Structures are given as structure tokens and as C-alpha cells.
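One structure is given below, encoded as C-alpha cells.
Rule-based calculations on the coordinates, nothing more; no lab input. The model shown is predicted, which means the values in this text are computed figures rather than measured ones. Reconstructed Cβ throughout: ideal geometry from the backbone, glycine too, with neighbour counts over all protein chains shown.
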Amino acid sequence: MAGPVYEFGEFRLDSGQFELLRNGQSTRVERKPLELLILLASRQGQLVTRSEIAKHLWDSEVFVDTEHGINTAIRKIRKVLGDDPDEPRFVQTVTGKGYRILCAVEVSNGQIGVHDPNLLDDRVPKLQPVESRRRSKRLLSAIVFATVLVIGLICAFLYLRRPLPPPRITEYNQITHDGRPKRLIAIDDSRLYFYFSPASDNFEVSVSGGEITQMPSEVRDYNVLGISPDGTTALLQGPDMSVWSDGVLGGSLRRINGVFATYAAYSADGKYVAYVTRDGDIYRVRSDGTEPQMLVSRRTVAPSGEWSPYALAWSPDGRVLRFSELNKIWEVSSTGSNLHRLFSGLAASNAHCFGHWTPDGRFFIYLSGIQRGSAIGTFYQISALDERRGPFRQASSEPIQLTSGPIRWYGAIPSRDGTRIFAVGVTPRGELVRFDSASRQLRPFLDGISAEFLSFSPDGKSLAYVTFPEGILWKANADGSGRIQLTDLPLYPTGPRWSPDGNQILFSASPDAQSTDLLYVVSSRGGEPHRLIPEDNGKQGDGSWSPDGRRIVFHSQSNGEAALRIFDLHSHRITEVPGSIGMYSPRWSPDGRFIAALSTRFSGLPVCDLETHRWSTVLSHEGIGFPSWSRDSRYLYILYADQQPGVYRVSVKGGVPERVVDLKGFHHTGLVGLWMGLDPNDAPLLLRDVGTDDLYALTLENK
């Protein structure tokens, strides 16, 4: 039965055939909603009241809840049209009245023109009925065959272009259970090679867990850089950065002539080695050291900036080399052409590094995260880049995040069969402890909260601290009660210091992932932090108040080497401390006479006497940090974490340092791995590592 045909948007509504088509495809619609849609289309642009709709749809029916029926029909119409009730394209609701069609509707009578064969030119010869039927049959068969062929080709094309299921992690198996910080460096078919952090001898453990053993003594002084794809040969780095190989770990060593490297990796076929020189250049050589070829020149990429490539990874076909640099992944061909950055379209705060291909080349597994500031190490999750290609399918450029949750992942390496990912899983947490001089023990302080950078108010009644790893600055009473949050993300405060009047707290932070550290102040009663020196965009850190509260000393770096500078809060003048080139982490003594600092130019603890304007070195030693003044300004406390770890104090006049706390066997944690401070009675405060840090095997499912 013929009837009007209404066309709007991508839809064709045939009222005679009672059919709705979308882009030529029939769409299933229930009868009442379709009747209502025909009514609205026939009254295009006009308001159709709810009473008219009820009469049109249910005039002869009784005991019908028309209000509910209309609402249901409208909802189903919107669903089939893909219409948003808040921002409608097709059906507009007139509250309390009814509905109208918004868009333009074209109306036709729906009839198809009829061709009259009697109107044919008489000069056209008429076919005999039998021959005509034969030709029509052959034509119909050809049309059917062509249609089936085209549909088949379209289906095949769509099938080959279909989105493939993404990979996912289906199981987590913990391999080690000691909790000590580790760094995974290489794997083979049966073993994982790693070292405990801080750097120590190399160790190995079975991929299924069990006893941890040291690597053979013959290679104990070498760093494992990588294992050949067939698992038979290791790349080792000697103490002088020379590169060696051995047939099996613990076997005979063979030096790769002329190669000195910070990182190195075998190609998938084991014929080549790519390596990074001490200058940051990337080379490719044959595994015997012959035929060297430069792939990436530091002078070309970063002639004056920082450039330190690491984590080299060859593609399974040997055509591409990827590497990490400053939390970004780069790619270059194995001949040195087409150097470019991956994920260049992502936000600058996105970090990605330490990538490895699965052996079949289907996925590139790497670490990803969001950088929260220049002072904080990024907390990584494991992600994948889908490298699956086909005749009609391009590799995806969209990252796939495989893990989430509180565990942070490091050093993810796919297994040789591609079914697992081995990685270090870290759940960071610290326990705040204070040294008890009576028992000579470190005991939990403030119930052992996970916090660092403690700073007490001048009257000792309040304190400020930064939670770890969240990075939030809090102010509280001295017993930990009455907490007030002072900062929020993305700021990650470090080194908070109270003003002498107790009204403000000074700290360093980066406003975003790509900016350098700047000085901020915030009211101790709460409020919005603000820049201390907004006119200076150079690096600013470790601010320390003068005892009168009129000046602040800080380390700064705008052009060239760092130096100490003093900011006058009244005049806003900035002056450089004479003789402070290369110094950082300044601390103003409580009596106002001295400024202590650390130095990049020499090992030790320089102190400037502001009365004589002369510098002296009160302690000449490497590996010291976190200088803190005693209350009476007579001593400096420092943290030493090397051969004889401990908290020491040394007289401002110099002399032999005295060990206050023995830290042998103490496991540090914190934003930079360790931290030390003092309470109002000069009792050392530390952050003990109580988090977990172990090797895991993650089952990777991909279809």
C-alpha cells in the first residue's frame, strides 16, 4: 500500500510500508513508536499535543495508561534515532504540552515510475518470448553472482579491518618475597637477572621463583646489559665501561673490541649490537665489534642540551631500534634514518620509557605514567603499543594500559614466548621514625605515618610534613592532631620551612611536569600557595629563612651553573652569595651567623661565616646529604648512606664527625630514596621503607 515517504537526516520513513530505514538499512521499531513517529513527521515543525497523540494511538482502546505509553514511545523513538533529549536533533519536548519534529522533513508520494513497454520505439526489434526469458535469466544470474561477490569482498575487507581484541593481564604471580628494592636487568628462558638497589652485586632467580643466588664470581664485577635472543650469550659491562660477552654466564669472557658503552643490546638475530657511548651517541656494530656505524649523533639531536639515551630495544625483524631518553621513547631505523619520537601527540606530562617488543613483534611493552613534577620520579604502569598489521590494517598509535592500581611497575620485559611480562612491582610506603637517645633505637613517630620533610614551627607546637608517595603538604599539631591540608596536585612540595613568626611555610615545587622547581609560600592557616619570586623563572630550590624573617637564601640556576642567592622580602632584591658557585641545599643557622650548603664542585660540607664572608669546609666527605643545624648552631647533622651509613654530626668549627645513629641495615625510602631531619630536641627523624618491592610474572593474554 502506497503512502507518504518522509526523509530527514539519515532516515527514510515509509508510512505505506510501515518501515524506517537508516542509511538504507532497515531499522527495527515497535508499532506504537513508529505510528507516533509517522504522526510527528506528517506534522513537521508543528506542535503535536499529548492529547492528540493519545487519541491517535489509543482512541478505541480502554484501560490504557496513555501518559506512560507516550513517554515510553518517545523514549524508544529517541533510542532508535540516536537522539539526545538534552540536545535533540530530531524530536523536541515542549514541557507539559507535547512534541514536535525539529529537523527539515522532505515528503514524497513513495511511488516509483512505471515504464510502459508499449511506448518503445517500433524500430527496436522485439525478442521472442523464449529468448527474452533466457537472456533475463542469465542477466539475473550475473547480477546475483556479482552481488554475492561484492558482499563477500566487503565482508572480507571489514573482517580484515576489524578491531582486534586488545591484550590484557589475566594473572599476577609474585616471584620474590623479600621486599628489598630491586632493578630487573635481563631475562633468559629460565632465569631473571637483577641487582638490589642501591647498586650491588648481580643476582639471579628462577622464573618460577625459589632461591635467590649471586651470579658466578667470574662476572660478579660486571654489569649485565642484556641477553641474546636465544639465551646463550650475555652482554656485560666492565668497570671501565668496556663491553664483553660470554657464551654462558660464568663462562669465558670475550671483549668486543673498541666498544665502551653505558647501555647495549643484541639484535634479534644476535648478529649486531647497538650501544650508547659515554657521550650519548648511539652506534651499531657486528657482534665481533667490526663495521661500526653511528645511528644517532648527540651533536645533531641535542648539541647543547641534556641527552642520555638508555634502554635500547631492537624490533624482532631487525629494522628498527627504539630507546628511551628523559621519559620519552624514540625510534630510528637500523641504518640510522627516520629518527623520531613516539607518542609525540600526547601531553608533555605523559612519561613513557623502558620498552621491549614481544618476540613475535605483535606488541611493544613499555612503562607509562604521568610526571607530577621535576623533583619526583614518575610512578609507572605497564602499557602496550599494538603493532599488529595486515593487508588492510595499520598498526595502532593508541597506547593500551595493561595495569592499574597501587602497585608501581619498573623494568617490564616480555618472556621469550610472549605469554608473560616480568617486572618489578613496588608498593611505596614509609614509616616515620625518630631516634630515641635513651634506648638508642629508632622508634615510630606520629604513629609511623608515611611522611617526610618534617619541619617544626619556631615554638615547637606545630609541624608541617609531606605525605609519601602522595606528595601533599599538611600542617598539624605537634602530636599529629588537627591536620590541615595546605597543597594539592600537581604541586609536590619539598623542603618546607616555617617562617620565624610561624605565619608562613616556604617550600619548593614544580607547577607542572615540564617546569623547573620554584619557591612557594603558603599561610600556615591554609589558603592558596603563591610564588615567592614570580619575576624569576630560573630554577629555585631549598629555601631557608634568615632568623629575622627578612631574607631567604636558596639555590638558583637560570643560566649556567647553580649558585646560592639571597632574596630580600622587603626590597625584592636578589643578590648572589659570593663564592657559592656550584653550591645547593643552603641552610641558614638559627643564630643567623652561618650558611651551610652542599657542593657539586667538591665533596664535603662548605660553611660560609657571614661575619667574615669566608667559606670553610667543615667536613670533606662524599655521599653526604640533608644538612640540618642543631638548635644552638654549634653542630651540623648530616645523613651518610655509603660504607658506614648513619646520621653524623660535626662541629661548625670542623673536626672528626660523630656518628649519632648507626644505620647499617636500615632501608630508606622517600621522594628521592632517602630523607633525614631533626625534631626540636635535635633527635634525628628518618623515613623507613615498609613498602613492598618484588619481582612478578604477569600473564599476558592476546588473541
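Net charge within 9 Å of SER197 by Cβ-Cβ distance, Lys/Arg positive one each and Asp/Glu negative one each, not counting SER197 itself?
Details: positive: ARG180, LYS182, ARG183; negative: ASP693.
Computed value for this residue: +2.
Taken over the alpha carbons of region 273-365 as equal point scatterers, the Debye sum produces base-10 log I(q)/I(0) values at 0.11, 0.13, 0.16 Å⁻¹ of -0.31, -0.43, -0.66. Any idea how far the Cα center of region 585-600 sits from the one of region 472-508, in Å? Centre-to-centre (Cα) distance: 21 Å.
So if R0 is 41 Å, what FRET efficiency would ASP501 and ASP178 give, r being the distance between their Cβ atoms, rounded to the nearest 0.05? Spell out each step's value before the answer.
On the way: r = 48 Å, r/R0 = 1.18.
Efficiency, from the Cβ-Cβ distance: 0.25.
Ordered by the number of other Cβ atoms lying within 10 Å of each residue's own Cβ, fewest first, LEU639, LEU39 fall into the sequence LEU39, LEU639. The residues PHE567, PHE507, PHE323, when put in order of fewest to most other Cβ atoms within 10 Å, stand as PHE567, PHE323, PHE507. For the chain, a crude dipole built from +1 on the beta carbon of Lys and Arg and -1 on the beta carbon of Asp and Glu, taken about the Cα centre, is about 1480 debye to the nearest 20. Ranked by how many other Cβ atoms sit within 10 Å of their own Cβ, fewest first, the residues CYS103, CYS608, CYS353, CYS155 fall in the order CYS155, CYS103, CYS353, CYS608.
When the square roots of the Cα gyration tensor eigenvalues are ordered a ≥ b ≥ c, the ratio a/c for region 5-108 is 1.5 or more and a/b exceeds b/c, which makes its shape prolate. Projected over all directions and averaged, the alpha-carbon convex hull of the chain occupies 51.4 nm². Here's how it looks for ILE449: its modeled amide H is under 5 Å from those of LEU432, which are all 5 or more places away or on a different chain. Couplings 3J(HN,Hα) for region 622-629, derived from phi with the Karplus relation 6.51 cos²θ - 1.76 cosθ + 1.60 (θ = phi - 60°), are 8, x, 9, x, 6, x, 9, 7 Hz, where x marks Gly and Pro. Between the C-alpha center of region 271-298 and that of region 19-68 there is a gap of 74 Å.
With the radius of gyration and the Kirkwood radius both derived from the Cα set of region 430-693, what is their ratio Rg to Rh?
Numbers: Rg = 17.4 Å, Rh = 18.7 Å.
Result for region 430-693 is an Rg/Rh of 0.94.
The angle between the Cα long axis of helix 66-81 and the longest principal axis of the Cα atoms of the chain comes to about 80 degrees, rounded to the nearest 10.
Remark on VAL207: its backbone amide H falls under 5 Å from those of ARG191, LEU192, a criterion applied only to residues 5 or more positions apart or on other chains, H modelled at 1.01 Å from N.
Under a 5 Å amide H cut-off, with hydrogens placed 1.01 Å from N, LEU518 pairs with ALA509, SER510, GLN540 among residues at least 5 apart or on other chains.
With a cut-off of 13 Å between beta carbons, the residues surrounding GLN441 carry a summed charge of +2, where Lys and Arg count +1 and Asp and Glu -1.
Strictly over 30 Å apart at the Cα level, which of LYS461/LYS664; LYS461/LYS539; LYS328/LYS664; LYS328/LYS539; LYS182/LYS703 would you flag in this model?
Working: LYS461/LYS664 32 Å; LYS461/LYS539 32 Å; LYS328/LYS664 37 Å; LYS328/LYS539 22 Å; LYS182/LYS703 32 Å.
Violating the 30 Å limit, Cα to Cα: LYS461/LYS664; LYS461/LYS539; LYS328/LYS664; LYS182/LYS703.
Sum up the charges of everything whose Cβ sits under 14 Å from the Cβ of VAL144, counting Lys and Arg as +1 and Asp and Glu as -1, but leave VAL144 out. Net charge in that neighbourhood comes out at +2.
Per residue, the chain reaches -3500 deg cm²/dmol at 222 nm when only DSSP H runs of four or more residues are counted, each adding -39500 (n - 2.57).
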